[in-house]
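Here's the structure we're looking at; comments come further down.
Taken together, the values in this text are just the output of simple stated rules run on the coordinates, not laboratory data. Keep in mind the model is a prediction, meaning the values are calculated, not measured. Using ideal geometry, Cβ is built from the backbone for each residue, glycine included, and neighbour counts are taken over all protein chains shown.
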Amino acid sequence: MLELNKICVSFRSERQDKIFGHTRQQVLFDISMRVEKGTCLGILGESGSGKSTMGRVLCGLLKPDSGEVQLDGVSVYASRSGRRNLQNKLSVVFQDYTTSANPRFRVKDIIGEGLMVRERREGSRLDRDKETASLLELVGLPSEFAKRFPHELSGGQLQRVCIARAVACNPEIILFDEAISSLDAHTQVQVMDLLRELKEKLGLTYIFITHDLTSITYLCDDVLFLYQGHVTEYMPVSRISQTRDEYARRLLESIVVFDADEEVAV
Ligand SMILES: Nc1ncnc2c1ncn2[C@@H]1O[C@H](COP(=O)(O)OP(=O)(O)OP(=O)(O)O)[C@@H](O)[C@H]1O
């Protein structure tokens, strides 16, 4: 289980109106949440609400000003071993698949990055060609793609390769930061179907950061609404239509029609 407890994050402000010291802009305020094993948590918010900052805290890249991140009862930021524990169990898939995949690498080398992490952790060499072929098959791509460069793939195919790289190191948790946002609607659905299938097959836990409510209702068990660095709603997706939070309702109303009884079918 991955847990955030009263996380606060601030950044140094650009407007320096003090000669000594500096002002800070707080972007996350007392964020608490937990992701149970085998579930998918969606983090939803508009641009600048603090989603990616929260993602960076969750994956061990940004130490919060205060509060605690715990993975299976071990504090992530209290010690080096806490961070290593998280790195061993968590993979990340970013939005920008074009820059997160090295353009000079072939697909087998991109997936090889994930396999290398696993080799280092397990202390043994893997049959890289065999592993790459089975990972490509897992994400619905032909094994011949192993020799291709990123520019020889479509956006959806390249994002599948990035998903294969994330899965290659045998993670327990995958964090997706706007991972499907730059794909067209049809490809988004195909990739979401793939993610659902992988989650079942490999028993994975997902954290899915997005500004798109539709993908949350398609994939997630729970949803957390973030507005200007505050959690305004945190509930099971199955009860999303009952939210009383103004921001959540505004987002909901933008994709579904409420009837007189305020019941919605999402
Ligand atoms: N390294 C940083 N230094 C200073 N300010 C930062 C830094 N990273 C983020 N911020 C600020 O924190 C706030 C939240 O940014 P964040 O990237 O977390 O939002 P977001 O919800 O992910 O937005 P988007 O959907 O546009 O990516 C913004 O006001 C941003 O300018």
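Note down the magnitude of the dipole of the chain about its Cα centre, charges +1 on Lys and Arg C-beta and -1 on Asp and Glu C-beta and zero elsewhere, to the nearest 20 debye.
Numbers: 34 positive and 38 negative charges, 299 e Å.
Around 1440 debye, computed over the chain.
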Take the Cα atoms of region 40-176, build their convex hull, and give its volume per residue in Å³. 130
Only bridges whose two residues both fall in the chain count here: according to DSSP, what percent of them are antiparallel, nearest 5? 50
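For the chain, what is the mean residue ellipticity at 222 nm derived from helices alone (per DSSP H run of n ≥ 4: -39500 (n - 2.57); sum divided by total residues; nearest 500 deg cm²/dmol)?
Numbers: 9 runs with 98 residues, N = 266.
Per the formula, -11000 deg cm²/dmol.
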Taking every pair of alpha-carbon atoms in region 104-220, give the share separated by more than 26 Å as a whole percent. 17
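Which pairs in the list 89/199; 37/201; 108/201 are over 19 Å apart, alpha-carbon to alpha-carbon? Before the final figure, lay out the partial values.
Values: 89/199 15 Å; 37/201 14 Å; 108/201 22 Å.
The answer is 108/201.
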As an exercise, take the mean of 1/r over every pair of distinct alpha carbons in the chain, invert it, and state the Kirkwood radius in angstroms. 19.7
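Sequence gap at least 6, Cα distance under 8 Å: using those rules, report the relative contact order of the chain to the nearest whole percent.
Working: 480 pairs, mean separation 63.2, N = 266.
Taking the mean separation of contacting Cα pairs over the length of the chain, I get 24 percent.
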Which one of 182, 159, 145 has its Cα pushed farthest toward the positive end of the charge dipole of region 140-190, where Lys and Arg give +1 and Asp and Glu give -1 at the Cβ? 145
So what is the diffusion coefficient of region 56-113 in µm² per second by Stokes-Einstein at 37 °C and 0.692 mPa s, using a Kirkwood Rh over Cα pairs? 249
I'd like the Karplus ³J(HN,Hα) series for region 143-153: coefficients 6.51, -1.76, 1.60, θ = phi - 60°, whole numbers in Hz, and an x wherever there's a Gly or Pro. 5, 5, 5, 3, 8, 6, 9, x, 5, 8, 10
Cross-link partners of residue 63 among aspartates and glutamates (Cα-Cα below 19 Å; sequence separation of 8 or more within a chain): 3, 30, 72, 177
